[in-house]
Amino acid sequence: MFYEFYSLSGLPFEERIAPEKMLNDARFGNGLSRLEYFVQGGMTALVTGPTGVGKSSLLRLFIQKLPANRYQPLYLHLTHVESTSFLRSLVIALGEKPGLGKDRIFAQIQNKTLTNDRVTILIIDEAHLLNEDALTDLRLLISAGWEDEIKLKIIL
């Protein structure tokens, strides 16, 4: 009855609205421009803002607009896991079977991203909820000795 009265095709205030249904206002345009700038030159970006302003929606819209032939976005929302599980999920998202031991997992991540034809963009939603060990591992990924071209970019 509610849908028919207001001629709605879906919930008006969904938790995860589809990117094509989002209002692309100046805030989103500005956020997308900053993320595009990051992709062209940066290695780590941080998206901040109060609860409910659309950070996750912005990231999903950004992923949708990335050229698939140049970038491989990996969206992780596993913030309440142990550090090893976090790294293993990253290796799995890269299409590999995780090795045993953190040193092998780090090597897998580095090798896979360096040999990939596309630039890997790791997007960690709700990264502030990662535990201390996972944040340390993330710091090690960010500061790893990458070669000439940065093939792993991280958005938190």
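The values are calculated or read from the model by the stated rules, or taken from the named source; none is laboratory data. The shown structure was predicted, so the numbers you read here are calculated from the model rather than taken from an experiment. Reconstructed Cβ throughout: ideal geometry from the backbone, glycine too, with neighbour counts over all protein chains shown. For accessibility, only protein heavy atoms count, side chains too; no ligands or nucleic acids. Shrake-Rupley method; radii C 1.70, N 1.55, O 1.52, S 1.80 Å.
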Out of Ser89, His128, Leu66, whose Cα points farthest toward the positive end of the dipole of the chain (charges: +1 Lys, Arg; -1 Asp, Glu; placed on Cβ)? Leu66
Percent relative contact order of region 51-156, based on C-alpha pairs within less than 8 angstrom and at least six residues apart? 34 percent
Counting only DSSP loop positions in region 60-136, the GluC sites (Glu not before Pro) whose Cβ has at most 16 other Cβ atoms within 10 Å are Glu82, Glu96, Glu126
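Working out 0.36 nm times the residue gap between Lys97 and Ala144, then minus their Cα-Cα distance, what length gain in nm do you get to one decimal?
Here the answer is 14.8 nm.
Given axes a ≥ b ≥ c from the Cα gyration tensor, I'd like to know whether the chain is rounded (a/c under 1.5), prolate (a/b larger than b/c) or oblate. Each step should come with its number before you reach the end.
On the way: a/c = 2.18, a/b = 1.75, b/c = 1.24.
Prolate, because a/c is 1.5 or more and a/b exceeds b/c.
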Please give the contour-minus-distance gain from Tyr6 to Ala107: 0.36 nm per residue of separation, less the Cα-Cα distance, rounded to one decimal in nm. 30.9 nm
For the pair Asn30 and Thr115, what calculated FRET efficiency results from E = 1/(1 + (r/R0)^6), where r is the Cβ-Cβ distance and R0 = 25 Å, to the nearest 0.05? 0.10
Contour minus end-to-end for Gln64 and Ala45, with contour as 0.36 nm per residue of separation and end-to-end as the Cα-Cα distance? 5.1 nm
Theoretical FRET efficiency, 1/(1+(r/R0)^6), r = Cβ-Cβ of Tyr37 and Asp133, R0 30 Å, to 0.05: 0.45
Specify the angular offset, from 0 to 90 degrees and rounded to the nearest 10, of the alpha carbon long axis of helix 55-65 from the longest principal axis of the alpha carbons in the chain. 80 degrees
Can you work out the accessible area per residue across region 65-156, with the rest of the protein chains kept in place, probe 1.4 Å, in square angstrom? 54 Å²
